[in-house]
Each structure stands twice: as structure tokens, then as C-alpha cells.
1. Restricting the search to the stretch 115-136, which residues are under 12 Å from ARG228 (Cβ atoms) and under 14 Å from the mean Cα position of the chain (by Cα)?
2. If you check SER165 against the conditions, is it small (Gly, Ala, Ser), at negative phi, surrounded by fewer than 16 Cβ atoms within 10 Å (Cβ to Cβ) and at pLDDT 95 or above?
3. Out of ARG84, ARG95, ARG120, I need the residue that is in contact (Cβ under 8 Å) with a residue 40 or more places away in the chain, more than 27 Å from GLU48 (Cβ to Cβ) and of a type in the set (Lys, Arg). Which one?
4. Looking only at the stretch 90-125, count how many residues are over 23 Å from THR57 (Cα atoms) and surrounded by fewer than 17 Cβ atoms within 10 Å (Cβ to Cβ).
5. For ALA144, state whether it is modelled with pLDDT of 95 or more and within 22 Å of GLY219 (Cα to Cα).
6. Out of the residues in the stretch 184-199 that are within 13 Å of ligand 1 (Cβ to nearest atom) and surrounded by fewer than 22 Cβ atoms within 10 Å (Cβ to Cβ), which is farthest from LYS145 (Cα to Cα)?
7. Is the stretch 151-162 home to any residue that is within 14 Å of ligand 2 (Cβ to nearest atom), under 20 Å from MET218 (Cα atoms) and among the aliphatic types (A, V, I, L, M)?
8. So, of the residues in the stretch 178-212 that are part of a helix (DSSP H, G or I) and of a type in the set (Gly, Ala, Ser), which turns out to be nearest to ligand 2 (Cβ to nearest atom)?
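The values are calculated or read from the model by the stated rules, or taken from the named source; none is laboratory data. None of the values given here were measured: they were computed from a predicted structure. So basically every Cβ, Gly included, is an ideal-geometry build from the backbone, and we count neighbours across all protein chains shown.
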Amino acid sequence: MTRRKSAAAGADLFGVDERLTVLPAGVALLPAFARDGDVDRYGDHIGEKALLSALNTVIEAAPLRHMVTPGGHAMSVAMTNCGRLGWVSDFAGYRYDPCDPDTGVPWPAMPSEFLELAVRAAQDAGYSGFVPDACLINRYEPGAKMSLHQDRNERDFDAPIVSLSLGLAAVFQFGGLERTDPVQKLTLTHGDVMVWGGPARLAYHGILPLKDGVHPVMGRMRMNLTFRKAG
Ligand code: SIN
Ligand code: FE2
């Protein structure tokens with residue numbers, strides 16, 4: 001038998017659930033929350049098949065694209081949105097926009113399956129009453145990454161961020177309120193949901209370059225959906 005140390009607290013976890021992860025106040029990790037085989041653990045709610053079919057419909061209407069940063073660099077992550085507002089980046093900056101800049105038409109409506117998942121996950125994490133009006137969809141192919149950043153384009157920071165991961169596992173870095181604060185590394189796998197709000201709402205976070213692999217359901221990619229109350 002081996003002894004393991006908790007990365008967060010340095011505590012000796014011998015004799016304790018080795019899967020225990022200590023998270024900062026305001027943060028919850030709901031492992032496999034959206035997996036069809038695991039939803040029963042959390043009580044009945046929407047699972048991955050329904051979510052994936054809704055996701056495909058959104059991507060058909062508003063295809064994934066590599067947005068450009070205000071500095072002029074194409075992002076390695078391909079993005080699209082659904083909901084009343086969508087997050088966009090271009091030479092002018094970052095903002096929420098009701099329309100897809102590629103077509104000038106409103107982003108696809110938020111599928112009811114997405115709304116149901118986000119509301120339930122937020123509730124289970126202690127944020128009842130969360131109603132997202134924006135969903136940013138990120139596609140990571142091997143090598144794609146997202147540098148440490150804060151989600152601060154939303155109008156008020158009372159609502160949490162609800163993040164669903166699908167496909168290949170990724171290393172999520174979760175830091176503090178300053179860019180230079182130490183980060184905790186968490187592996188996010190297919191169906192995991194992370195929620196951060198309250199004192200952690202403006203925490204820096206990011207994704208390390210995605211390791212190559214093939215996921216049985218999603219193939220050679222990771223998708224991440226973040227639900228936000230933006231307006
Ligand atoms: C994001 O911060 O918008 C995405 C995080 C993730 O891909 O898990
Ligand atoms: Fe973010």
C-alpha cells in the first residue's frame with residue numbers, strides 16, 4: 001500500500017478516500033456528472049447522449065472557428081456559442097454579443113438540455129437560482145491550450161461559472177485572484193462538471209496543452225462548455 005499526499009493541503013490521506021480533492025471555497029467538482037452511466041449518483045438528470053445531440057445541432061448552426069485575440073493571434077481553441085449572448089474576441093477586444101459576427105444572425109438558442117444540466121449542477125454545488133444566458137463552446141485539439149485568465153466580461157459576478165468537460169482528459173489549472181498565485185492542477189475527464197463562484201468567481205484558470213489521444217465517444221478532441229450569466 002502506498003501513502004499519498006494531498007497536493008492542496010499536504011495532508012496524509014492514508015486511510016482516507018484517495019480520490020479526495022480539496023478545493024478552494026466556492027469551487028465544486030462534480031465528477032462524471034453528465035455521464036449517462038453515472039447520473040444516478042446525483043439523482044435523475046440529463047446525460048451525455050442528449051447533451052451531445054444538442055451540441056451537434058448548435059455547432060451545425062454556428063460552426064466552431066478560431067477567433068483572433070486583440071493582439072492579433074488566432075486562438076488555438078476553436079469556439080462558438082449558444083444562448084442569448086455569445087463571447088467573442090477580435091481586434092477590438094473581448095465582449096459578449098447577441099449575434100454571431102461571422103453571419104450577423106443571433107447565436108443559436110440555448111438548448112433546454114444545456115439549461116437543465118447547468119441549473120442542476122449549479123444547484124448541487126450550492127448555487128441555486130443560477131440561470132445562464134450564455135454558453136461558450138470550446139474545442140481543443142491535441143496541443144490546444146488556454147492561458148491563465150479570469151472570466152470577467154460578464155456584467156455581474158454574483159452568478160457562478162458552470163463548466164462541462166467532454167472527450168479527452170485535460171489538465172485544468174485553478175489559481176487565485178492574482179495571476180501569479182499558485183495554481184492547483186485538476187484533471188478533468190469526460191462528463192466532469194466544475195463550478196466556481198462566490199470567493200472563487202474571479203480566480204485565474206486555464207488549460208495546459210491537450211495531450212494527444214482518442215476518446216471513445218468524442219474522438220481526438222476535448223470539448224468544454226461554460227455556462228455563464230453574462231447580461
Ligand atoms: C474557459 O475558461 O473558458 C474554458 C476552460 C476549460 O476549457 O475547461
Ligand atoms: Fe474561463
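1. Within the stretch 115-136, ALA118, ALA122, PRO132, ALA134, CYS135, LEU136 meet the criteria.
2. When the stated conditions are applied, SER165 does not pass them.
3. ARG95
4. Counting residues in the stretch 90-125 that are over 23 Å from THR57 (Cα atoms) and surrounded by fewer than 17 Cβ atoms within 10 Å (Cβ to Cβ) gives 7.
5. For ALA144, the condition - modelled with pLDDT of 95 or more and within 22 Å of GLY219 (Cα to Cα) - is met.
6. HIS190
7. Within the stretch 151-162 (the criterion being within 14 Å of ligand 2 (Cβ to nearest atom), under 20 Å from MET218 (Cα atoms) and among the aliphatic types (A, V, I, L, M)), the answer is no, since none of the residues qualifies.
8. Among those that are part of a helix (DSSP H, G or I) and of a type in the set (Gly, Ala, Ser), it is ALA200.
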